[in-house]
Structure formats: structure tokens, C-alpha cells
Amino acid sequence: METLVDFLTQNLKGLLSKEAIVFVISMMPVLELRGGLLAASFLNVEYLKALTICIIGNLLPIPFVLLFIEKIVILLEKFGPTKKIALMLRNKVEKNQAAIEKYDFWGLVLFVGIPLPGTGAWTGSIVAGLLHMRRRKSMMAICVGLIIASVIMSIVSYGLLGSVIR
């Protein structure tokens, strides 16, 4: 992830402000808040400003994902070249379904909050949308999970571990 974040920050530097780069990276699936905070750290964006930008950037697409993911996956399933993508999304949901349904709200919170590859607000909203979880409850769980992830990633990007990783 660090390599991709570094690549994006280096290539967007002349085109966008530091804050805009952090915002754009935070909106991207896979990179999300984690990538945004790393980019902010690389670009020396002040911590509280970076955290605010990353949270807003990461949350902005989530209501749309929750609203439209089922329709998008159904559409993807209808066309040969995109069937594999739809199957991959359905498999991701199936893989995490038992744990998330068992723990409901808190299962989704942990899924989003623990910053591991393949988890985060985007994936959490895809899972919640395809499991037909209540949108308001899903959004709240994703917000709580994002706060947890922001604490963990703040320590990694700006705290003690940040100086070790750089």
C-alpha cells in the first residue's frame, strides 16, 4: 500500500494541493482512510486537518455504495466480462457473512475498524449492502469502525510507528 500511496502522491503533487491529494486517496477503494493518512504523513499535512479530510473523503462514497451495490452487482452478473467481478464480490460477502451476521452491528464495526487488507469502509459497505443490512445501522457501524481505524492508522502514520516505517 505504501508504494501505491507514494506513487500517487508523487504523480499528483503538481496537479493538486496536498489536501486534495489526501482527499482523493481517501475516497479510493482499497486505499481509503489508511492510504489517505499515509499520504498526509508523506506530504506533511497537519494531523487534525489530515484526519478530518481522510474521514470525510472515506465516508463520502459510502452511502452511494450502500444504496447501489446490489443493483451494480446484478448488472455485472449479466455481462460475460464482468461476471467474474460480480462473483468476486459475492464471494467476499459469503466469506464474511457468518461473522458479520453473528455479531451484527459490532461485526461490521470490527470488519471496518481493523485495518487489514480487504477490510475497510468500502468493503464493509459492499458486504452490508449485499447482505441487505439496514442502511442507517450499517452507516453507523461503518462510522464507528472508521473512527477505530483512524486511531490505529494515526498511530502508524503520525505516531511512534510512523517514524519507524518511514
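The values are calculated or read from the model by the stated rules, or taken from the named source; none is laboratory data. Fair warning: this is a prediction, and the values are worked out from it, not measured in the lab. When we count neighbours, we look across all protein chains shown, and the Cβ atoms used for this are built from the backbone with ideal geometry, even at glycine.
Some points to look at:
- Among the conditions (1) crowded, with 22+ Cβ neighbours inside 10 Å; (2) under 23 Å from CYS143 (Cβ atoms), the only one that PHE68 does not satisfy is (1).
- Of note, LEU110 does not satisfy the criterion of being more than 25 Å from GLY36 (Cα to Cα) and either buried (at least 20 other Cβ atoms within 10 Å of the Cβ) or of a type in the set (A, V, I, L, M) (or both).
- Residue match in the stretch 95-112 (condition: outside the structural domain of THR52 (by TED's automatic domain parsing), modelled with pLDDT under 95, of a type outside the set (Phe, Trp, Tyr) and assigned to a loop (DSSP other than H, G, I, E, B)): no
- Residue within the stretch 78-88 that is surrounded by fewer than 18 Cβ atoms within 10 Å (Cβ to Cβ) and of a type in the set (S, T, N, Q) present: yes
- Of the candidates LEU48, LEU37, the single residue that is outside the structural domain of SER125 (by TED's automatic domain parsing) and either modelled with pLDDT of 95 or more or closer than 18 Å to GLY124 by Cβ (or both) is LEU37.
- Scope the stretch 115-156; condition among the hydrophobic types (A, V, I, L, M, F, W, C), surrounded by fewer than 22 Cβ atoms within 10 Å (Cβ to Cβ) and farther than 22 Å from ILE85 by Cβ; matching residues: MET139, MET140, CYS143, VAL144, ILE147, ILE148, VAL151, ILE152, ILE155, VAL156
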